[in-house]
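All remarks here apply to the structure that follows.
The values are calculated or read from the model by the stated rules, or taken from the named source; none is laboratory data. Just so we're clear, the structure is a prediction, and the values are computed from it rather than from any experiment. Here the Cβ positions follow ideal geometry from the backbone for every residue, glycine too, while neighbour counts run over all protein chains shown. Keep in mind that these areas ignore ligands, DNA and RNA; they rest on the heavy atoms of the full protein, side chains included. Shrake-Rupley method; radii C 1.70, N 1.55, O 1.52, S 1.80 Å.
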Amino acid sequence: MTCHITKVTVFLSTLTPKFYFALTVTSSFISGLIFVFEWWHFRKYGTSFIEQVSVSHLRPLIGGAENGPPAPVAFSANSGENETNRQNMPECKVWRNPLNLFRGAEYSRYMWVTGKEPLTYYDMNLSAQDHQNFFTCDTDALRPSDTVMQKAWRERNPQARIKAAYQALELNNDCATAYVLLAEEEATTIVDAEKYFKQALKAGETIYRRSQNCHSQSPQHEAQLRRDTNVLVYVKRRLAMCARKLGRIREAVKMMRDLMKEFPLLSMLNIHENLLEALLELQAYADVQAVLAKYDDISLPKSAAICYTAALLKARAVSERFSPETASKRGLSTAEINAVEAIHRAVEFNPHVPKYLLEMKSLVLPPEHILKRGDSEAVAYAFFHLQHWKRIEGALNLLHCTWEGSNRLISLMIPYPLEKGHLFYPYPSCTETADRELLPTFHEVSVYPQKELPFFIHFTAGLCSFSAMLALLTHQFPELMVIFAKAVSIVSVVGLA
């Protein structure tokens, strides 16, 4: 043992202060790189890279997988109970955005100006599937123009789709779906899109009446009627949205009301959300309340538009005279309690919205599909409804006080949705992954609840700081640090021996 200690001492005596300084700088640099990579991996994927590698690769090598709990099997004898539990769990279902923008007139113009792609491939692929479901049927093979359009909806290249639409119009000048595609993708202004949709409406109504007369002849004719109905509803809805964007709001409201009366069974298209937004722009709050009374029902699926609009109307009644200081002295009135509870309900349904309404987080163009209760729905809601909250004096102040809990009396303990759902299902844990697929890469996805930093990020940060401190001390006091390092090394060797 004495011989080993002597050899180590002789070796350490040959090392210079420059060597120790280079060693500490190198270790500091390497640990810094590891910390930066860990942080980047956590921000991008939500997990620690070192922890992931340890669990996935190292634990099986050391036999951890054999001692762990058995992996879940796909089927079990308790399949009925599992099926019941699966049905009770909230599902991360992606929905069509009721207020989605126009590809050519809005999304493409944004890309031309900023050079950034506002839509993800996943989002556009979902839209392509929607178009094939809405605008095609089994009898398309009987009509050359519809056959061309069936291929057009599957095309990935926008120019190829537009070219196919013109080909369909050459074969049949009354091809409604061809006009729809040109309105969505070729028109560079809302005015041009409206012109195309009016042509689509004229052609669509003719085809719809023809399908109504013969829909009972065969199942194929019934499928064709469903397709023609989808085309007509889609065109009328987009025409109403064009009128809303061009400032003809009362005309847009009338078109939406007529559409909902004509096709009451198509409530799953959420046309009432377009109507709510238009009525808020008119400041017709009594009409907004009437729409909410019909659709804010316990048996119907909720949305951020419904929950936050209900909160906005309750806040409107008290927000103008609301003051946190006054409320803390006299207590909350019944109307103020109702407004606060409505905001709590909305925040529980979608906790991402307040940051956008309070402009604590920047907005991007909303995607064509949204995930209810997710960041994508919050972006879509705030993009269209922020102006309505700003219009009502004090509404954003009440939202801020209630959401942030700046006053203990006003903050009535917002439920923690992930652990215990109060009015809705517990907050699903799958929203982050789906939102990352729907929202563009340049947008920082909002995560709820905020994840705690993994242990290895703290560890690598501490290691980097400690190495940097050693490098600084070695640079300032080279001789003293060499003596200290030699002493530590000798003590360590003696302890090991």
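Worth a mention:
- Condition check for Ala339: small (Gly, Ala, Ser), modelled with pLDDT of 90 or more and surrounded by 15 or more Cβ atoms within 10 Å (Cβ to Cβ): no
- Test result for Thr433, at pLDDT 60 or above and part of a helix (DSSP H, G or I): yes
- Pairs are defined by a Cβ separation below 8 Å, a sequence spacing of at least 6 or placement on different chains, a first member in the stretch 355-370 that is within 14 Å of Gln387 (Cβ to Cβ) and open to solvent by 40 Å² or more (accessible area, probe 1.4 Å), and a second member that is modelled with pLDDT of 95 or more and part of a loop (DSSP other than H, G, I, E, B); no pair meets this definition.
- Residues of the stretch 72-119 that are at pLDDT 50 or above and open to solvent by 70 Å² or more (accessible area, probe 1.4 Å): Glu91, Lys93, Arg109, Trp112, Val113, Lys116, Glu117.
- Residues that are assigned to a helix (DSSP H, G or I) and modelled with pLDDT under 90 were ranked within the stretch 252-292; the one that is farthest from the chain's Cα centre (by Cα) is Glu262.
- Taken together, the criteria exclude Asp146 from residues that are not in a helix (DSSP H, G or I) and not aliphatic (A, V, I, L, M).
- Any chance Lys390 is at pLDDT 75 or above, under 29 Å from Ser323 (Cβ atoms) and within 20 Å of the chain's Cα centre (by Cα): no
- In the stretch 120-144, residue farthest from the chain's Cα centre (by Cα) [restricted to those that are aliphatic (A, V, I, L, M) and open to solvent by 60 Å² or more (accessible area, probe 1.4 Å)]: Leu142
- Checking each residue in the stretch 254-312 for being within 16 Å of Ala380 (Cβ to Cβ) and among the basic types (Lys, Arg) picks out only Lys302.
- Whichever residue in the stretch 202-222 is part of a helix (DSSP H, G or I) and touching a His at 6+ places or on another chain (Cβ under 8 Å) and, among such residues, is surrounded by the fewest Cβ atoms within 10 Å (Cβ to Cβ): Cys214
- Residues (in contact (Cβ under 8 Å) with a residue 24 or more places away in the chain, assigned to a helix (DSSP H, G or I) and either among the acidic types (Asp, Glu) or surrounded by fewer than 23 Cβ atoms within 10 Å (Cβ to Cβ) (or both)) located in the stretch 176-201: Glu184, Glu185, Glu186, Ile190, Val191, Asp192, Glu194, Lys198, Leu201
- Of all the residues in the stretch 119-149, those that are in contact with a Cys (Cβ under 9 Å, 6 or more places away or on another chain) and under 26 Å from Leu266 (Cβ atoms) number 4.
- Each residue in the stretch 149-159 was checked for being touching a residue at least 12 places away in the same chain (Cβ under 8 Å) and part of a helix (DSSP H, G or I), and 5 pass.
- Any hit, the stretch 123-132, residues being in a helix (DSSP H, G or I) and touching a Ser or Thr at 6+ places or on another chain (Cβ under 8 Å): no
- Restricting the stretch 223-238 to residues that are over 29 Å from the mean Cα position of the chain (by Cα) and crowded, with 21+ Cβ neighbours inside 10 Å, the residue that is modelled with the highest pLDDT is Leu232.
- Residues within the stretch 296-334 that are open to solvent by less than 20 Å² (accessible area, probe 1.4 Å), part of a helix (DSSP H, G or I) and modelled with pLDDT under 90, tallied: 2
- The stretch 373-394 - residue that is part of a helix (DSSP H, G or I) and hydrophobic (A, V, I, L, M, F, W, C) and, of those, surrounded by the most Cβ atoms within 10 Å (Cβ to Cβ): Ala380
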